[in-house]
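Here is the structure we will look at.
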Amino acid sequence: MNSWRQEFKETLTLGIPMAGAQLSQTLMNTTDVALVGRLKGESLAAMAVGQAAYGLFLSLGIGLVAAVGPLVSQAHGAGNHKAIARTIAIGCYSAILCGMLFIPLLYSVEYLFTWLEYTPEMKVLATGYTRAVMLGLPFSLLFFVQKNYLDSISQPRLPMLIAVVGIFVNAVADYALMYGHFGLPALGVTGTGLATSTVNLFMFLALLWATWKPEFTQALKAQTRTEWKEFFEVGLPISGSIGVEVGLFVVGALMMGYLGTEEAAAHQIVLVCAATTFMVPLGISFAGSTRVGQAVGRGDFRAIRPAGLASMAVGSGFMVVTAILFLLFPDTVVSLFWDPSIEKDETVQRFAVELLIIAGIFQIFDGLQVTSMGALRGMKDVKIPMVVGALSYWVVGLGSAVYLTFSTPLRHEGLWIGLLLGLATAGLTLCLRFVILSTRIRTDEKLQKAASVDAVAEV
């Protein structure tokens, strides 16, 4: 009992600041949606589809640099500072590479919107937003490299503080660039994208100035082939896992855009609500991954199971509370993001309330799958979870969503029911996998070796 009590304490000590940092970043997007929802026309729907395209590429990059987490946590547990510095260097190079690859693709997103036959106004607005927000993509990834490093050495407070300041920087930038204050032009939803890029640059520079060390600069010129290989062996499956999940939501946003602007706007409102609460279990999952990774690094394999299960209990428990709020007060929540008096139409609000009720149940499984994935990541178990995610999201989730959306009267509700089924399948399967592996690893030397980072042993 003392061991479990200690794990819950350590998980909360690490997880609360990590969750705070994630929640702060999402609150920036929440601010964007709340302000864009006051603009006339198709601005909110355009932001929804533009953000879906940008979010897919950003998530792929975040997944790749997420390799910093388990690699640094295990190196920290083993006391290998050289491996930590080289991992940071590889993470920075990877972030820059992602920016070079993804920005040209995002610039060409107009062709996708034309192929999907969006209205001329929506296509122009969505393209403008996407091209503005893509400018900050490499800075966001570089920020995550530094954040993952600090999280993995159990110092998560500074990224949280910078992210909290970022909320206010974003709000001021939104106010100036959307509505044309302080001598700047009124750019509408495109100004929102520029504001996001501005705050990403600010957070990267602030964290870089506070955390960069001379050994990191030296490591930029000295990485081994083994370290690069191991980074991508961990990072690419994580990127794939995140990509298949985010890809499901991207397709969902595009499907909603095809159904109509009211459905797309309602989807964006509910997605922001779900994404905001999701940041807490996401932060808890980082804590679970750190605790598991540090246990593996110091060879304490019996500590793995309580560390992982504690993060799952905390993350899922929080989502149960938010699910109750969504189910009991859907009208109140939606009214924070949509004012029907602007367009003299309550359709968007009605659709959003219908979807938020489904999202309440969706929340619980979302918390379970992300914390299970984080615990497995700390054991360097990333390939099988990627396969589980692909099957859960794209076979169960998308398959049922397409059928329920276009072959039944459910339409927008059917899409979210499909998302719910996909996440439930992933969450239950990944939780079961962690329970099995965390039991076996106590005595299985082959599994112990597979879970450990090879580069950590190199001095």
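The values are calculated or read from the model by the stated rules, or taken from the named source; none is laboratory data. Only a predicted model underlies this, so the values are computations on that prediction, with no experimental measurement involved. Positions of Cβ are generated from backbone atoms using ideal geometry, with glycine treated the same way; all protein chains shown enter the neighbour counts.
Scanning segment 52-83 for residues that are aliphatic (A, V, I, L, M), closer than 13 Å to L236 by Cα and part of a helix (DSSP H, G or I) returns L60, I62, L64, V65, V68.
Scanning segment 32-55 turns up one or more residues that are crowded, with 21+ Cβ neighbours inside 10 Å, at pLDDT 75 or above and of a type in the set (D, E, K, R). Taking the conditions (1) of a type outside the set (F, W, Y); (2) modelled with pLDDT under 90; (3) assigned to a helix (DSSP H, G or I) in turn, G299 satisfies each one other than (3). Report yes if F216 is among the aromatic types (F, W, Y) and within 25 Å of Y93 (Cβ to Cβ), otherwise no. It is true that F216 is among the aromatic types (F, W, Y) and within 25 Å of Y93 (Cβ to Cβ). When segment 176-186 is filtered for residues that are under 27 Å from the mean Cα position of the chain (by Cα) and either touching a residue at least 24 places away in the same chain (Cβ under 8 Å) or outside any helix (DSSP H, G or I) (or both), only M178 remains.
Is one or more of the residues making up segment 431-451 β-branched (V, I, T) and over 30 Å from A78 (Cα atoms)?
No, segment 431-451 has no match at all.
Considering segment 414-448, the residues that are over 18 Å from G247 (Cα atoms) and aliphatic (A, V, I, L, M) include one that is surrounded by the most Cβ atoms within 10 Å (Cβ to Cβ), namely L430.
Tell me, please, whether a residue that is surrounded by fewer than 22 Cβ atoms within 10 Å (Cβ to Cβ), in contact with a helix residue (DSSP H, G or I) (Cβ under 9 Å, 6 or more places away or on another chain), at pLDDT 85 or above and over 13 Å from V68 (Cβ atoms) can be found in segment 139-151. The answer is yes; a qualifying residue exists.
Residues that are hydroxyl-bearing (S, T, Y) and in a helix (DSSP H, G or I) were ranked within segment 204-225; the one that is nearest to the chain's Cα centre (by Cα) is T211.
Residue-level check: of (1) within 17 Å of K147 (Cβ to Cβ); (2) surrounded by fewer than 18 Cβ atoms within 10 Å (Cβ to Cβ); (3) without any contact (Cβ under 8 Å) to a residue 40 or more places away in the chain; (4) aliphatic (A, V, I, L, M), V172 misses just (1).
Please determine whether any residue of segment 108-129 is more than 23 Å from K221 (Cβ to Cβ), charged (D, E, K, R) and modelled with pLDDT of 85 or more. The answer is no; no qualifying residue exists. Taken as a whole, the condition of being part of a helix (DSSP H, G or I), β-branched (V, I, T) and in contact (Cβ under 8 Å) with a residue 60 or more places away in the chain applies to I88.
The set of residues from segment 402-413 being at pLDDT 90 or above and crowded, with 19+ Cβ neighbours inside 10 Å comprises just one member, L404.
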